[in-house]
Each structure stands twice: as C-alpha cells, then as structure tokens.
1. Can you give the local net charge around Ser14? Use residues other than it whose beta-carbon is closer than 10 angstrom to its beta-carbon, Lys and Arg +1, Asp and Glu -1.
2. Over 30 Å between Cα atoms: which of Lys31/Lys84; Lys110/Lys142; Lys104/Lys142 fall into that group?
3. Which three lengths, in whole Å and largest first, does segment 27-69 cover when its Cα atoms are put on their principal axes?
4. Carbon-plus-sulfur fraction of the accessible area of segment 1-67, 1.4 Å probe, in percent?
5. With a cut-off of at most 12 other beta carbons within 10 Å, and DSSP calling the residue loop, which GluC sites (Glu not before Pro) in segment 1-78 qualify? Please list them.
6. Residues with amide H under 5 Å of Ile20's amide H, sequence separation 5 or more or different chain, H placed in the peptide plane at 1.01 Å from N; which?
7. Using 7 Å Cα-to-Cβ label points, what is the Asn82/Glu18 separation (nm, one decimal)?
8. Quick one: net charge around Leu80, please, counting Lys, Arg +1 and Asp, Glu -1 for every other residue with C-beta under 10 Å from its C-beta.
Amino acid sequence: MKTIFFGNYWQSNSKEKEPIEWLVLKEDEDKIYLLSKYILECLPYDVSDKGWKNSSIRTWLNEDFINNAFSVEEQEQIVLSNIKTSSVFSWNGKLDGGTGVQDKIFLPSKSEMILFFGGDTDGDIVIEQKRIAIPTNFAYEKGCCLWPIVFDENQSYWISAGRYTAKLALKADAYEQETNEIRWATSWILRSAKNADHVIKEDGEIGPAYSPEYNHLGIRPAMWIKK
C-alpha cells in the first residue's frame, strides 16, 4: 500500500519528533485520504458518553495534535471535511450527537474502514490483516496494551495469541524459536457511534470497546489533504 510522510510527531521517544508515515487509502481528483500507518497515541475516546461531536478525543485531535504535528503551512494543506458518524447508538445506547460536524483531523469510522480496506466487517481474513496496527514506542509508553500476534497453524495469516493462548501456546513458542518474529499489535479506536463496533482489535477484527473511558486503546488519526 502506498505511503507518504507528512508532519512530525513523537514516535521513538518523547524528546524528538519524527516524520509521520501515512497510508494513502483513497485518491480523489484534488485530495487524498490518509490514515497514520502506526498507532501514534494512547488516549480514551472520552470520559463520559458524549458522542463524537463533544468527545475529548475530537478536541484533542483538532487542537493539541494538529498543532503539535503540523506546521502552519501543513495545516493549510489539510482539508476541513464534513464528518458524519452513525446515528444508530452511542456507548450506552443513546443517539450519537456527533453527526454533521466539520473536522480537519478525525478518527476513521467503521464504514470508512470497510470502504477503504474492502470486504465485510467479519470473517474476511485478508481484509482483517490490513487493519492490524502496531504502536510507536511513544504510544506504548503512554499505555497502549500490546497483544502478541502469531501465524495460524498453516502460517498463512496472523491471529492473536492473546485471545487464543491455550490453543497457540506451544505454537507461539515454537514459532518464536524458529523465526523470532512474533508481532505485537494494539487495538485502536474508531469514531463510529455503535457500541459493538467501536474498535479494530489487535488481529484486525471489528469489535466492542465496552467503555469510552478505556485508556489503553490506540489512536490512528485520519484526514484529507490537498494534492
């Protein structure tokens, strides 16, 4: 998948910023959709049930992150986008008040991840693999919860060793001894309003986060920029 570098943020440590690498998920005639390749931060969605519009993560992305990661000139290149979230249900079953807002930086939604990565929400292993994300060292030190990912029995795709520990314990040990290539991934959060579909799990599945206050979930900013 094509990537570009744009902006700078803390990644290896909290002392020196480094260029941010972005996945190019869609190219229109005059703009491109970017999703950070790595999980850049570890923050809760919100400390209460407010929906996307009034969430603390939306404020953080469009105030703290944008000013820390991009120069004035780069900020001018970022498109002010019309952002919609599902109006079905929020964290506790209430209607989400986050529809119809404008943001420069946002979290991707469930529907965008299905649209840009392809496939359905569940059961498509190839698609799920594309959604797996690894945190930067900075995000890990901020509190991202790491899960070991190993190959399945046929060594054809990655699955969570944390979720299937009993089944994969011996396999994981053998694989590590042979190749020393266990991957460590983190669940990352979406802006979608429905409680059951708030998070991309460590193995790429879409699933629940249970609470907007969870602070071990990864943040992958998304945005449109001008060509």
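1. That works out to +1.
2. Numbers: Lys31/Lys84 18 Å; Lys110/Lys142 25 Å; Lys104/Lys142 24 Å.
In this structure, no pair lies more than 30 Å apart at Cα.
3. Cα spread of segment 27-69 along its principal axes, largest to smallest: 39, 20, 18 Å.
4. Details: 1460 of 3290 Å².
The value for segment 1-67 is 44 percent carbon and sulfur by accessible area.
5. On the way: sites: Glu16, Glu21, Glu27, Glu29, Glu41, Glu63, Glu73, Glu74, Glu76; in loops: Glu16, Glu29.
Loop-located and lightly packed - Glu16, Glu29.
6. Amide H to amide H, under 5 Å and 5 or more residues apart or across chains, Ile20 pairs with Phe6, Gly7, Asn8, Tyr9.
7. Placing both labels 7 Å beyond Cα along the Cβ direction yields 3.9 nm.
8. On the way: positive: Lys104; negative: Asp103.
Net charge around Leu80: 0.
The values are calculated or read from the model by the stated rules, or taken from the named source; none is laboratory data. Being a predicted model, the structure only gives us computed values, none of them experimental. Every residue, glycine as well, gets a Cβ built from its backbone with ideal geometry; the counts of neighbours run over all protein chains shown. We work out accessible area using only protein heavy atoms, side chains counted, and drop any ligands, DNA or RNA first. Shrake-Rupley method; radii C 1.70, N 1.55, O 1.52, S 1.80 Å.
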